[in-house]
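The values are calculated or read from the model by the stated rules, or taken from the named source; none is laboratory data. These numbers come from a predicted model, not from an experiment. Heads up, the Cβs are rebuilt from the backbone with ideal geometry, glycines too, and the neighbour counts pull from every protein chain shown.
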Amino acid sequence: MSSRPETSDTQFVWQDFATKNNSELLANLGNFVNRLIKFVNAKYAGVVPDYTAGINDLSFDQYKESVNALLKSYVEELEEVHIRAGLEKAMAISSEGNRFLQDNKLDSALFTNSPEKAAAVVGFGLNLIYLLSALIYPYMPATSESIAKQLNAPPRSIPDVWDADGLLPGHVIGRAEYLFSRIEESQVQEWKSRYGGKQEAAPRDAKKEKRKGKSAARQQNTKKGEAASPGSTPTSTANVEIRPTV
């Protein structure tokens, strides 16, 4: 989807497909969703903790503002039927989620030493995942449904402005499941062999091909002329007016 042509032609390359799967889907969206849902299952027995005391932490504002700016752009891109650009905005929101978890150092130490902060990070992150489930639905409906299942939540609509209030404290989520699998180099080679590695051949130079075509046409005309009787001059009928015999 991220390589679909919109304003010009594009070329499908198997290696690019594998790279996008591994670095964008698996390492970005897949990592964000799986890491947080596993954490909630392990530390909170699958129950959304009471995050209300710390959710208004001022340090969270920068992430919320960034998410809402990207959300606004996402909606505008889809309204303009910029499908690929819309997907890029959705993945950028997922990147913000990973950055949020990383910056706030969500781990066992935070859970033990700062339970209020840990609960707030979890509540913010889970609700961001819930938003992403709606944003990726136009592109990956099965993945969207898997996220909703893991959150044990119904499909949600895309809001104009996002806030971390979709999944409330006490909500019981489901079990973590992998959204994507890594594509290995051996799989890429197998697919290229099975489905056509010629798609990755270097694109032809249009101008060179055109000159070759003209040259071949001239050679063909020369051969035809040599095949005619020596010295004979073909009579052109292009300007001869033919009158019917009465």
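Points worth noting:
- Segment 149-172, subset touching a residue at least 40 places away in the same chain (Cβ under 8 Å) and either on the phi > 0 side of the Ramachandran plot or not hydrophobic (A, V, I, L, M, F, W, C) (or both), residue surrounded by the most Cβ atoms within 10 Å (Cβ to Cβ): GLN150
- Filter result (in a helix (DSSP H, G or I) and in contact (Cβ under 8 Å) with a residue 24 or more places away in the chain) within segment 104-114: SER108, PHE111
- Which numbered condition MET140 fails, given (1) over 18 Å from the mean Cα position of the chain (by Cα); (2) surrounded by 17 or more Cβ atoms within 10 Å (Cβ to Cβ); (3) modelled with pLDDT under 95: (1)
- Matching residues in segment 49-76 - criterion: being under 13 Å from LEU135 (Cα atoms) and in contact with a Leu (Cβ under 9 Å, 6 or more places away or on another chain): VAL67, LEU71, TYR74
- The residue that is modelled with the lowest pLDDT, counting only those in segment 24-40 that are in contact with a Phe, Trp or Tyr (Cβ under 8 Å, 6 or more places away or on another chain) and under 14 Å from ALA90 (Cα atoms), is LEU25.
- Checking each residue in segment 32-67 for being in contact with an Asp or Glu (Cβ under 7 Å, 6 or more places away or on another chain) and surrounded by fewer than 16 Cβ atoms within 10 Å (Cβ to Cβ) picks out only ALA53.
- Taken over segment 52-67, the criterion of being hydrophobic (A, V, I, L, M, F, W, C), in contact (Cβ under 8 Å) with a residue 24 or more places away in the chain and assigned to a helix (DSSP H, G or I) is satisfied by PHE60, VAL67.
- The condition (being under 20 Å from SER146 (Cα atoms), of a type in the set (A, V, I, L, M) and modelled with pLDDT of 95 or more) is satisfied by just one residue among ALA90, ALA120, ALA85: ALA90.
- With respect to the stated conditions, LEU131 is crowded, with 21+ Cβ neighbours inside 10 Å and more than 20 Å from ASN41 (Cβ to Cβ).
- Residue that is surrounded by the fewest Cβ atoms within 10 Å (Cβ to Cβ) [pool: residues in segment 68-98 that are assigned to a helix (DSSP H, G or I) and of a type in the set (D, E, K, R)]: GLU79
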